[in-house]
Amino acid sequence: MEILGATLRICVDDLETSVPFYERLAGGTALRFERGGVKVAAIGSFLLMSGPEAELEVLRKVTATIAVKDVEEAHRLLADLGAQIIAGPVPTPVGRNLLVMHPDGTVFEYADQSGA
């Protein structure tokens with residue numbers, strides 16, 4: 001499995017207030033989308049999320065997003081290593097993702113850019 005990078009997941013109260021800071025910090029423009037009532041802005045290595053507290057409570061349990069070349073390959077390897085597959089792989093606006101709990105209890109999202 002080829003790991004391409006990691007994205008820090010940050011829950012914010014007000015996405016519109018937070019985005020300009022992170023755009024200047026990362027030197028880029030936010031890619032915005034909404035999923036399950038949560039507004040999301042992806043900027044460089046940051047993934048900002050804002051929405052209903054019930055949704056954010058679940059999202060806060062995910063430590064980070066790990067970018068991989070192929071989510072299917074990650075799924076096979078992680079399952080073979082004894083990780084618990086929580087959800088996926090499923091399509092997202094920018095590719096596919098997979099939620100996994102490592103044997104130590106840490107939860108990660110693995111994502112690719114397959115062009116779902």
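The values are calculated or read from the model by the stated rules, or taken from the named source; none is laboratory data. Here the structure is a predicted model, which means the values were calculated and not measured. Here the Cβ positions follow ideal geometry from the backbone for every residue, glycine too, while neighbour counts run over all protein chains shown. The area values use the complete protein model at the heavy-atom level, side chains included, leaving out ligands, DNA and RNA. Shrake-Rupley method; radii C 1.70, N 1.55, O 1.52, S 1.80 Å.
Quick notes
- Residue list for the stretch 58-78, restricted to those being open to solvent by 60 Å² or more (accessible area, probe 1.4 Å) and either assigned to a loop (DSSP other than H, G, I, E, B) or within 13 Å of Arg9 (Cβ to Cβ) (or both): Val58, Arg60, Lys61, Thr63, Lys69
- Qualifying residue in the stretch 30-39 (condition: within 15 Å of the chain's Cα centre (by Cα), in contact (Cβ under 8 Å) with a residue 60 or more places away in the chain and surrounded by 15 or more Cβ atoms within 10 Å (Cβ to Cβ)): no
- Criterion: of a type in the set (Asp, Glu) and free of Cβ contacts under 8 Å to residues at least 24 places away in the same chain - qualifying residue of Glu73, Glu2, Glu53: Glu53
- Val12 meets all of the listed conditions (1) at pLDDT 90 or above; (2) in contact with a Lys or Arg (Cβ under 8 Å, 6 or more places away or on another chain); (3) open to solvent by less than 90 Å² (accessible area, probe 1.4 Å) but one, namely (2).
- Annotation note: of Gly27, Gly88, the sole residue that is touching a helix residue (DSSP H, G or I) at 6+ places or on another chain (Cβ under 8 Å) and either over 16 Å from Ala111 (Cα atoms) or surrounded by 12 or more Cβ atoms within 10 Å (Cβ to Cβ) (or both) is Gly88.
- Of all residues in the stretch 91-106, those that are of a type in the set (Val, Ile, Thr), open to solvent by less than 30 Å² (accessible area, probe 1.4 Å) and modelled with pLDDT under 95 total 1.
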